[in-house]
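J.: Structure provided below as structure tokens; questions to follow.
The values are calculated or read from the model by the stated rules, or taken from the named source; none is laboratory data. Just so you know, these numbers come straight off a predicted model, no measurement behind them. Note that we place each Cβ from the backbone using ideal geometry, even for glycine, and neighbour counts take in every protein chain shown.
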Amino acid sequence: MNKEYNTVRTTSSSEASDDQPFLPINPFAEPITTMSSANTNHHGRDDDMIDIDFQNTTNDRSTNSVMNVDLVNTHYDDFQTIDWLKDLMRDRFRHRLLRTKSHQSFFNKLLMYHDAWSGWLCVLLVGLSAGVIAAVIDIGTNWISHLKHGICLNAFWLNREQCCWASRQLQYDNVNSEECPEWFTWPQVFGTYKKGAGEFLLSYIMYIFWSTIFATFAVLLVKVFAPYACGSGIPEIKTILGGFIIRGYLGKWTLLIKSIGMMCATSAGLILGKEGPFVHIACCCGNIFSYLFPKYGRNEAKKREILSAAAAAGVSVAFGAPIGGVLFSLEEVSYYFPYKTLWRSFFCAMVGALVVRSINPYGNGHDIQFSIDYSVPWASFELLPFILLGILGGLWGAFFIKTNIWWCRFRKNSRLGQYTIFEVVCLALITAIIIYPNPYTRMSMSELIKRLVSQCRVEDMIDLCDYPNAQFYNGKSKGSIGLAGPGVHHAIWKLFFALIVQVVLVTFTIGVKVPSGLIIPSMSIGAITGRIIGIITEQLAIQNPTFILFRHDCSKEENCVTPALYAIVGACAFLGGVSKMTVSLVVIMFELTGGLNYIVPLMAAAMTAKWIGDGFVRGGIYDAHIELNGYPFLDNKEEFNFTTIAADVMRPRPEQSSSLAYLTQNGMTFLEVENLLKETTHTLYPVVVTREQPYLVGQIQRRDLQIALKSQKMQRFRLSQSLIQFTSSSETTINSDYEVDNQNEQRLTTNPEVIRIGNLLDQAPIIVTDQTPMETVVDLFRKLGLRQAFVTRNGRLRGIITKKDILRHVQQLTSSNTETTYYDN
């Protein structure tokens with residue numbers, strides 16, 4: 001947590017210089033760092049204090065002693081919304097001040113240049129670190145995953161593929177997995193070399209054992225060290241980029257535990273992926289490195305520019321898709337995305353992709369996972385099955401979102417949520433028992449997708465390439481001519497059962513307390529569906545060459561259908577149906593596979609999946625989890641189509657008996673203000689002229705007021721009857737525009753002491769009238785990033801509207817479920 005300590009400066013009126021020029025107080029300036037020697041020890045122990053500037057001066061009234069308090073609050077509490085306007089204004093003031101000082105000396109000019117390129121340096125460090133961490137995770141995951149099947153005794157640090165690289169007796173099984181004498185399966189380690197039921201049973205038991213061990217280790221790490229390391233993190237990243245504060249979510253422990261937990265959870269065989277959490281890991285790097293540059297570390301709004309670039313780098317290192325990463329950050333997660341952030345995001349994503357390519361964790365000489373080596377043109381009639389895949393992807397997305405949210409809500413509201421370790425261990429045990437007998441579920445989902453999107457070669461003896469009459473050219477298949485053999489039929493049935501298993505298990509897996517992503521499982525389900533439909537379309541074209549759809553594009557000499565292409569399109573469609581991404585998804589897919597010629601099929605499938613999915617469910621899976629968790633995220637892409645007004649949403653409502661908590665500009669005693677803070681828990685309070693004339697003067701933060709009162713208690717005694725005035729030293733004691741009531745006037749003249757804290761008052765609050773359409777109010781909150789707005793009528797304060805109130809209002813209008821509890825903002 002970013003902690004700032006208080007500093008106190010006390011100056012009496014006799015010590016102050018009479019000819020000191022008046023300097024306007026800047027509410028967005030950096031904190032003063034002068035420390036009084038008399039208070040060093042006491043204040044050094046208080047972690048929650050921030051910068052305070054006291055000045056004791058005499059008031060025009062000779063009987064009153066006036067204390068002026070100036071405080072700069074640059075810290076937000078946990079689960080609060082940042083003030084975009086104030087943070088950006090403070091940064092602009094800092095930049096103007098730095099530019100003005102640059103003309104004074106050469107050192108100040110260097111500071112200005114450092115400030116200009118600090119953003120580029122920060123995203124460079126984020127890209128480098130994200131690339132290195134991603135490569136280490138990929139290498140570690142491959143090794144741990146293969147450990148469930150056996151070990152390379154001569155070099156235990158090698159996975160199965162690396163162990164068999166130099167073998168002269170390399171062979172492949174019926175799903176194209178490596179087999180060589182250097183690689184020892186667990187039955188061979190224990191002395192069983194004969195194939196049979198005993199060997200299969202021992203392998204089965206060791207697979208279940210290692211899967212349970214890895215899953216248990218992952219959930220223990222998350223539960224004990226970093227509870228925020230569970231899930232993919234994308235819903236929370238989206239909320240954080242929207243201006244919400246979640247302390248510790250992007251910390252060092254979360255980064256470490258999520259990196260280790262990803263490797264263990266993925267290697268356990270659970271139906272989840274590691275690519276989605278890369279966005280969370282990259283944003284952790286962005287948050288950590290931002291503190292090296294005060295321009296970003298001390299300003300939450302500016303920090304989110306670095307986090308947007310980090311999110312782009314996360315997708316880039318996960319898929320080797322730098323352009324797709326930038327579009328993902330722009331389309332899916334970022335809330336505030338200025339033009340300069342676009343270039344920095346592109347640079348950060350490029351650096352991450354270059355680092356991954358240099359380390360080469362996939363071992364294929366490429367920086368992408370599923371590279372394809374074919375460019376067979378697609379026929380026009382294939383647009384129909386591509387659209388069919390889009391329809392199925394949209395239906396799958398709607399089904400998964402509804403069932404997964406139902407299960408997560410059940411877990412959250414039942415006793416099951418209290419037994420997270422038991423749930424993960426049981427899920428890992430059941431998953432291992434179910435998936436081991438099927439070779440297509442036994443392998444990792446990344447390997448399965450790689451098999452499904454690859455075209456058959458002459459050396460492939462796997463079931464999917466069992467075409468007895470296939471014709472190959474230069475070691476590659478231009479298309480499987482002839483009917484499919486029995487191996488293809490067996491593979492289709494195995495893939496179909498794999499599809500059922502993954503659809504069922506992924507619904508219960510996503511949401512458990514381990515690092516988990518949804519991207520690879522959705523792509524795997526889509527690739528299986530696409531490959532099956534591709535084989536069916538291929539066989540129809542071969543058996544019916546004179547059919548009207550196949551007559552012009554297909555001939556007996558060359559097959560026009562590529563089943564592997566359907567796997568790519570299916571993966572795109574099913575991922576689009578779940579996430580509701582469009583542009584970024586298409587770019588990620590053709591960067592992920594290198595299939596630049598297949599952009600149109602990918603576009604058709606992605607758009608169809610989104611249209612079909614939107615007909616059943618509003619928003620994607622990340623938006624659904626944001627709503628489930630009650631995060632105050634106001635989506636700037638949604639439209640507000642209702643005819644309500646501000647008076648319908650504000651608090652307190654006219655029909656409610658509760659009253660609005662507020663402060664008066666003059667006349668409230670120290671004890672009254674202290675009691676108000678004890679009785680209420682609001683994050684800020686409006687300040688009005690008087691109770692009889694509630695004309696809004698400004699607003700003050702609860703934290704600022706608490707620190708000011710606490711500091712006064714440290715310095716002085718008998719404060720209960722001291723008056724609190726929300727006026728600055730440059731203002732008159734009484735507002736000249738309004739007359740104060742007699743009671744306040746009497747207090748001002750008879751009270752011996754006045755504490756003036758007007759410098760803490762924000763005199764530029766956002767105000768709307770009670771008849772303002774809510775459509776306008778929602779646009780203000782979205783485009784200005786507001787935390788709250790005050791509601792007035794004829795200038796008099798009526799109520800307040802917060803982001804939480806708008807979200808609750810939208811929830812009540814669009815859904816019958818009103819049980820969602822939003823965090824305070």
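J.: Search region 307-320 for residues that are at negative phi and pair each with any residue that is among the acidic types (Asp, Glu) when their beta-carbon atoms are under 7 Å apart and the residues are at least 6 apart or on different chains.
T.: Ala318/Glu275; Phe319/Glu275; Phe319/Glu591
J.: So the check is Cβ under 8 Å with 6+ separation or different chains; which pairs have a first residue in region 658-672 that's assigned by TED's automatic domain parsing to the domain that holds Asp762 and farther than 16 Å from Arg756 by Cβ and a second one that's of a type in the set (Gly, Ala, Ser) and surrounded by fewer than 19 Cβ atoms within 10 Å (Cβ to Cβ)?
T.: Once the first residue is assigned by TED's automatic domain parsing to the domain that holds Asp762 and farther than 16 Å from Arg756 by Cβ and sits in region 658-672, its partners that are of a type in the set (Gly, Ala, Ser) and surrounded by fewer than 19 Cβ atoms within 10 Å (Cβ to Cβ) give Leu671/Ser720.
For (1) assigned by TED's automatic domain parsing to the domain that holds Cys264; (2) closer than 20 Å to Thr441 by Cα; (3) out of contact with any Pro (no Cβ under 7 Å at 6 or more places or on another chain), each residue gets a yes or a no:
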| residue | (1), (2), (3) |
| --- | --- |
| Gln169 | no, no, no |
| Glu182 | no, no, yes |
| Met206 | yes, yes, yes |
| Trp210 | yes, yes, yes |
| Ile213 | yes, yes, yes |
| Phe217 | yes, no, yes |
| Leu220 | yes, no, yes |
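J.: Restrict the check to region 244-252 and report whether at least one residue is within 22 Å of Thr341 (Cα to Cα), touching a Lys or Arg at 6+ places or on another chain (Cβ under 6 Å) and among the aliphatic types (A, V, I, L, M).
T.: no
J.: Looking at Phe328, Phe293, Phe346, which is the one that is farther than 30 Å from Ile433 by Cα and without any contact (Cβ under 8 Å) to a residue 60 or more places away in the chain?
T.: Phe346
J.: Another one. Anything in region 300-312 that is touching a Pro at 6+ places or on another chain (Cβ under 8 Å) and closer than 26 Å to Ser446 by Cα? List them, or say none.
T.: Across region 300-312, the qualifying residue is only Ala312.
J.: Report whether or not Asp91 is modelled with pLDDT under 90, part of a helix (DSSP H, G or I), touching a His at 6+ places or on another chain (Cβ under 8 Å) and surrounded by fewer than 20 Cβ atoms within 10 Å (Cβ to Cβ).
T.: Here the answer is no, as Asp91 does not meet what is asked.
J.: Would you point out which residue out of Ala609, Ala647, Ala564 is within 22 Å of Pro377 (Cβ to Cβ), of a type outside the set (D, E, K, R) and buried (at least 16 other Cβ atoms within 10 Å of the Cβ)?
T.: Ala564
J.: Looking only at helices (runs of 4 or more DSSP H) that lie completely in region 394-461, which have at least 1 residues being exposed (fewer than 14 other Cβ atoms within 10 Å of the Cβ) and of a type outside the set (Gly, Ala, Ser)?
T.: Once the helices (runs of 4 or more DSSP H) in region 394-461 are filtered for at least 1 residues that are exposed (fewer than 14 other Cβ atoms within 10 Å of the Cβ) and of a type outside the set (Gly, Ala, Ser), what remains is 420-435.
J.: Six or more apart or on different chains, Cβ under 6 Å: which pairs go from a residue in region 138-153 that's assigned by TED's automatic domain parsing to the domain that holds Phe214 and surrounded by fewer than 19 Cβ atoms within 10 Å (Cβ to Cβ) to one that's hydroxyl-bearing (Ser, Thr, Tyr) and assigned to a helix (DSSP H, G or I)? Could you list them?
T.: Ile144/Ser267
J.: Residue under question is Lys402, and the condition is that it be assigned by TED's automatic domain parsing to the domain that holds Phe616, under 16 Å from Ala567 (Cβ atoms) and not aromatic (Phe, Trp, Tyr); does it hold?
T.: Judged against the criteria, Lys402 is not a match.
J.: Would you call Ser345 among the polar types (S, T, N, Q) and within 27 Å of Leu448 (Cα to Cα)?
T.: no
J.: Filter region 225-247 down to residues that are buried (at least 23 other Cβ atoms within 10 Å of the Cβ), small (Gly, Ala, Ser) and in contact with a Leu (Cβ under 8 Å, 6 or more places away or on another chain) and give me whichever is nearest to Glu300 (Cα to Cα).
T.: Gly242
J.: Show me the helices (runs of 4 or more DSSP H) found entirely inside region 722-825 where at least 1 residues are within 28 Å of Arg653 (Cβ to Cβ) and modelled with pLDDT under 85.
T.: 803-814
One line per residue, one yes/no per condition, for (1) within 22 Å of Val791 (Cβ to Cβ); (2) touching a Leu at 6+ places or on another chain (Cβ under 6 Å); (3) modelled with pLDDT of 85 or more:
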{"position": "Leu628", "(1), (2), (3)": "no, no, yes"}
{"position": "Thr643", "(1), (2), (3)": "yes, no, yes"}
{"position": "Asp648", "(1), (2), (3)": "yes, no, yes"}
{"position": "Ser657", "(1), (2), (3)": "yes, no, no"}
{"position": "Leu663", "(1), (2), (3)": "yes, no, yes"}
{"position": "Lys678", "(1), (2), (3)": "no, no, yes"}
{"position": "Gln701", "(1), (2), (3)": "yes, yes, yes"}
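J.: Moving to a separate point now. Look through Ser316, Ser308, Ser345, Ser290 and report the one residue that is buried (at least 21 other Cβ atoms within 10 Å of the Cβ), touching a Gly at 6+ places or on another chain (Cβ under 6 Å), over 18 Å from Leu518 (Cα atoms) and of a type in the set (Ser, Thr, Tyr).
T.: Unique residue meeting the criteria: Ser290.
J.: Among the residues of region 255-274, write down those that are buried (at least 24 other Cβ atoms within 10 Å of the Cβ) and either within 17 Å of the chain's Cα centre (by Cα) or free of Cβ contacts under 8 Å to residues at least 12 places away in the same chain (or both).
T.: Selection gives Lys258, Met262, Gly273, Lys274.
J.: Among the residues of region 507-534, write down those that are among the β-branched types (Val, Ile, Thr) and buried (at least 22 other Cβ atoms within 10 Å of the Cβ).
T.: Matches in region 507-534: Thr509, Ile510, Val512, Val514, Ile519, Ile520, Ile525, Ile528, Thr529.
J.: Further question on the same structure: Just one of Ser118, Ser129, Ser145 is small (Gly, Ala, Ser), in a helix (DSSP H, G or I) and in contact with a Ser or Thr (Cβ under 7 Å, 6 or more places away or on another chain); which is it?
T.: Just a single option satisfies the conditions, and that option is Ser145.
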